[in-house]
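Note sheet for the following structure.
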There are 2 protein chains.
Amino acid sequence: MKRSFIREILEAIDEETISFAGGLPSENLFPTQDLKEATLKAIENPKVYQYTISNGINELREQIALRYTNEGFATTKENILITTGSQQAMYILAKFFENKDITIEEPSYLGAMNIFRLNNLKMDGVKLEDDGVNIEEFEKSFKKTKLTYLIPDFQNPSATTYSLEKRDEIVKIVEKNDGYLIEDSPYSELFFDKKMPYISAKLPKNSFHLGSFSKTLVPSYRIGWIRADEKLIQSIMIIKESIDLHSSGFSQYILAEYLKDEAKYEKHLQEIRDDYNKKASYFSEQLNLIMPEFKHEKPKGGMFLYGTFGQGVDTFALVQECLKKKVVYVPGNQFYIDKVPNGEIRFNYTHSNFEQIEKGIKLIKSCL
Amino acid sequence: MKRSFIREILEAIDEETISFAGGLPSENLFPTQDLKEATLKAIENPKVYQYTISNGINELREQIALRYTNEGFATTKENILITTGSQQAMYILAKFFENKDITIEEPSYLGAMNIFRLNNLKMDGVKLEDDGVNIEEFEKSFKKTKLTYLIPDFQNPSATTYSLEKRDEIVKIVEKNDGYLIEDSPYSELFFDKKMPYISAKLPKNSFHLGSFSKTLVPSYRIGWIRADEKLIQSIMIIKESIDLHSSGFSQYILAEYLKDEAKYEKHLQEIRDDYNKKASYFSEQLNLIMPEFKHEKPKGGMFLYGTFGQGVDTFALVQECLKKKVVYVPGNQFYIDKVPNGEIRFNYTHSNFEQIEKGIKLIKSCL
C-alpha cells in the first residue's frame with residue numbers, strides 16, 4: 001500500500017514551493033493572542049497535564065454538544081467522543097466496520113480512502129453531481145453496503161454541497177435500509193453564504209457526525225470528534241482507547257477555555273469565512289484570466305476549488321513538471337478508487353496569499 | 001470485546017476514592033513552571049499551530065535520537081517516529097503485524113494485550129521470572145512466532161527487571177530466528193539504582209524500541225515514539241498517518257523547547273526517581289506492617305509494586321468490595337491471557353501521598 005500523495009508532498013517540498021496541495025488553513029488567521037490567553041488560564045490547574053478519561057473532558061464535550069443543540073440537533077456530552085483530529089474519527093469507524101462494504105462519493109477524500117483500504121473495507125464509488133451524489137446509483141449501492149461515507153458540505157475535493165432535496169433522499173434511503181451514515185463535516189462552518197442542515201440531524205440513531213477544530217481554529221491541537229447515539233459511542237470507545245488512550249488533554253483544556261467565550265469564536269469564524277471567500281474569488285478570477293482552459297465553478301465555502309482541463313491533459317504527469325518549477329497541487333485521479341489519470345485538479349486556496357496565487361497559476365500555465 | 005479494566009475504573013471512581021489502579025504519575029512533580037516558560041517561547045512562532053509532517057518535527061526527533069546515541073545506541077532522527085503516546089506506538093505495530101502470532105510475558109500490560117486482541121494477534125504467554133522471562137519457554141515460543149513484546153525495565157505489572165544475562169539470551173534468540181523484538185520502555189528512566197542497557201541496542205535492525213514522555217514528564221501532551229531501523233519506520237508510516245495524520249504539533253514544539261536544556265530535564269528526572277523511591281519504600285513498609293500476608297519485593301524502579309496473597313484470595317472479587325470502601329487497585333488476573341482469578345495485585349504507588357497509602361492499605365485489609 002502506498003502513502004498519501006499529500007503527506008508525501010508535504011515532506012518533499014521546500015519553503016520556496018507554492019503549495020496548492022494540502023488542506024492547510026491560513027496561519028494569518030490563527031487567533032494566537034486569544035489562544036495564548038486561554039493557554040495561560042488553562043495551565044493554572046496542574047490537572048491539564050495529567051491523564052484524562054478516554055471519551056474526552058466533560059467541559060469540551062458539553063460545549064460541542066451545545067453547538068449541535070443550538071442548531072436544532074439535540075445532543076448531550078454522552079453523544080460526543082473526542083478524537084485526535086477527525087482523521088482518527090475516520091480510522092476508528094473504519095476499524096469498527098472493518099471488512100465491510102462501504103458506499104463512497106467519487107471523487108472522495110483520499111485520506112479516508114486510504115483508511116478504508118487499510119481496514120479492508122470494500123469501496124463502492126457513486127458519481128458525485130453538482131448537488132450531491134446521484135441518488136439512483138446511491139440507493140442501488142447502499143441497499144447492498146448499508147454503510148456510507150459522505151462529505152455533504154464543501155466536499156473534499158470537489159467543493160460540492162448537497163441540495164436540501166438530496167439530503168432528504170439520503171435520510172430516506174439510510175432509514176429504509178437501516179444502515180449507517182458517516183457524515184464528515186470538517187468544512188461545514190466555512191460557508192460564504194449559509195449553513196446547510198446536517199443530514200445526521202434527521203438520522204440521530206443511524207449516523208456518525210464528524211467534526212474538527214483543525215479547519216476552524218488550529219490543526220496542531222489534533223482535536224476532532226464523533227457525534228453519535230450514546231450506545232454507538234460506547235461501542236467504539238474500546239477502539240479509541242486502544243489507539244491512544246485519549247486525545248491530548250492539554251489541547252482539550254485549552255480549547256475548552258477558549259470556547260467559553262462563544263461570541264469570540266463566532267467572530268473568529270466570520271473572519272475566516274470572509275478571508276476565504278475573498279481568496280476563493282481571487283483564485284477563480286486568476287484561473288479565468290491566466291488559464292481559461294481550466295473549467296471550474298467558484299466555491300461557495302470550504303477550502304478547495306475543483307475543476308478540469310478535460311480529457312486532453314494528464315494532471316498527474318503535469319504535477320511532476322510543476323514540482324520542478326516549485327508549484328504543486330493534487331491531481332484529480334488521486335481522489336478516485338482506480339486512480340486512472342484524468343484532467344482534474346484540486347486546488348487549495350486558503351494557504352496562499354494573492355501574490356502566490358497569481359504566481360502559482362502562471363507557473364502551472366507555463367508547464368502546459 | 002471488553003474495555004480495559006483500568007480505563008473503566010478511571011471513569012467510574014470519584015475524587016474521594018484512593019486509587020492504586022492507574023499508572024498515573026504524581027501531579028506534584030510536573031515541572032509546571034518550566035513547561036510554562038517553554039510554552040510561552042514555543043507559541044511565539046505561529047507555525048506551532050499548523051499541520052506538520054507525519055513522522056514528527058525534526059527538532060524533537062533529533063533530541064530523542066541524541067539521547068539514544070549518548071547511551072551508546074547510535075540513532076538519527078530518521079530512526080524515530082513520534083506517536084500519540086506509546087499506546088499508539090503499540091497500536092501501530094499491532095496493526096503492522098496483524099493476524100500474526102506474538103510471544104508475550106505473563107503477566108503483561110493489559111493495554112497491549114487488548115491492542116493485540118483487537119488486531120487479531122494470537123498471544124503466546126511465557127512465564128516471567130524474577131530476572132526476566134523463562135528463557136527455555138521463550139526460545140520455544142519465539143521459534144514459532146518470530147515476534148515478541150517485552151517490557152524489560154520495571155515491567156508492568158510485575159516490576160521485574162531483566163538481568164544482563166537474560167537480555168543477551170533474548171538478543172541471541174531474536175537474531176538466530178531473524179524475528180522482531182518490540183521493547184516497551186516507558187519506565188526505563190525511572191530507576192532507583194541504575195539504568196540497564198536496552199536489548200534493542202544489540203538488535204538495531206530487528207527491534208522496535210518504544211519510549212514515552214508520559215511517565216517522565218507529563219501524560220497529557222500524548223507524546224511517545226518508536227525507535228527502529230529507517231526502513232521499518234518508513235513501512236509503518238502509512239499506518240501512523242492513517243490513524244491521526246500526525247501527533248499534536250503543539251505538544252511537540254513545546255517539548256522540543258523544554259528539552260533544549262538537557263541539564264534541566266536530567267534534574268527533573270532525578271527528582272522523580274528520588275520521590276518515587278521514597279514512595280515505593282513507604283508502600284512496601286506499610287504493606288509489611290498492615291497486611292504482611294501480601295508477599296512482595298520492594299520495587300527497584302518504575303511505578304508499580306506487585307505481589308500476591310497466594311491462592312486463597314480472589315483479588316478480582318476483593319476489588320469490588322474495596323470499591324465500596326473507596327479504594328481501588330488492579331487485580332492480577334487482568335494481566336493474564338485467560339484472566340483466571342488469582343491472589344495477585346498490582347499497586348501503583350506514584351500517584352498517592354503517604355497518608356493515602358497508609359489509609360488505602362488499611363481499607364483493603366478491612367475487606368479481607
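For this structure, a couple of remarks:
- Look at the dipole of the protein assembly as shown built from charges on Cβ: of B:Gly56, A:Val174, A:Thr160, the Cα furthest out on the positive end belongs to A:Val174.
- Stretched out straight at 0.36 nm per residue, the stretch from A:Gln320 to A:Leu269 would grow longer than its current Cα-Cα span by 14.8 nm.
- Solvent-accessible area lost on pairing B with A (1.4 Å probe, both sides summed) amounts to about 5200 Å².
- Test item: A:79-92 mean partner chain Cβ contacts at 10 Å: 3
- For the stretch A:163-256, applying the loop criterion from DSSP together with a ceiling of 13 other beta carbons within 10 Å to the trypsin sites (Lys or Arg not before Pro) yields A:Lys194, A:Lys195, A:Lys205.
- Residues within the reach of a label modelled at B:Glu27 (point 7 angstrom out along Cα to beta-carbon, backbone nitrogen below 13 Å), restricted to the stretch B:341-368, are B:351-353.
- Residue (of B:Asn134, B:Ile151, B:His246) at the positive-pole extreme of the stretch B:119-278, dipole from beta-carbon charges: B:His246
- Computed from the C-beta positions of A:Asp130 and A:Lys339, the FRET efficiency with R₀ = 25 Å rounds to 0.60.
- Partners for A:Lys205 among aspartates and glutamates (Cα-Cα distance below 12 Å; same-chain residues under 8 apart left out): A:Glu175, A:Asp178, A:Asp229, A:Glu230
- Coil-residue GluC sites (Glu not before Pro) of the stretch A:285-368, DSSP, other Cβ within 10 Å capped at 16: A:Glu293, A:Glu297
- A simple charge model with +1 on the Cβ of Lys and Arg, -1 on the Cβ of Asp and Glu and nothing else charged puts the dipole of chain B at about 500 debye relative to its Cα centre.
- Translational diffusion of the protein assembly as shown was estimated from the Stokes-Einstein equation, with Rh taken as the Kirkwood radius over Cα pairs; at 10 °C and 1.306 mPa s the coefficient is 59 µm²/s.
- Drop in accessible area of at least 40 Å² in the complex versus isolated chain, residues of the stretch B:106-129, 1.4 Å probe: B:Leu118
- The calculated FRET efficiency for B:Ala74 paired with B:Glu175, based on their beta-carbon distance and R0 = 25 Å, is about 0.90.
- Residues whose amide H lies under 5 Å from that of A:Arg346, counting only those 5 or more places away or on a different chain, are A:Val330, A:Gly332; hydrogens are built 1.01 Å from N in the peptide plane.
- Dipole magnitude (debye, nearest 20) for the stretch A:217-347, charges at Cβ of Lys, Arg, Asp, Glu: 260
- Length-normalised contact order for chain A - Cα pairs under 8 Å, 6+ apart - percent: 24
- Relative contact order of the stretch A:149-303, defined on C-alpha pairs under 8 angstrom at six or more residues apart (%): 25
- For A:Glu27, label point 7 Å along C-beta direction: distances to other copies, nm: 3.6
- 32 Å Cα-Cα threshold exceeded, pairs from A:Lys298/A:Lys326; A:Lys140/A:Lys365; B:Lys144/B:Lys279; B:Lys300/B:Lys326; A:Lys77/B:Lys127; A:Lys279/B:Lys36: A:Lys140/A:Lys365; B:Lys144/B:Lys279; A:Lys77/B:Lys127; A:Lys279/B:Lys36
- Leading residue at positive end of dipole, the stretch A:186-306 (Cβ point charges), from A:Leu305, A:Ser214, A:Ala228: A:Ala228
- Take each residue of peptide B:214-223, count the partner chain Cβ atoms within 10 Å of its Cβ, and average: the result is 5.
- Pairs of alpha carbons in chain A whose separation is greater than 34 Å (percent): 25
- For the stretch B:147-303, the Cβ-based charge dipole about the Cα centre amounts to some 100 debye (Lys, Arg positive; Asp, Glu negative; other atoms uncharged).
- Annotation: amide H of B:Gly301 within the under-5 Å range of B:Phe192, sequence separation 5 or more or interchain, hydrogens built in the peptide plane.
The values are calculated or read from the model by the stated rules, or taken from the named source; none is laboratory data. Keep in mind it's a predicted model, so treat the numbers as computed, not measured. Ideal geometry is used to build each Cβ from the backbone, glycine not excepted, and the neighbour counts take in all protein chains shown. For accessibility, only protein heavy atoms count, side chains too; no ligands or nucleic acids. Shrake-Rupley method; radii C 1.70, N 1.55, O 1.52, S 1.80 Å.
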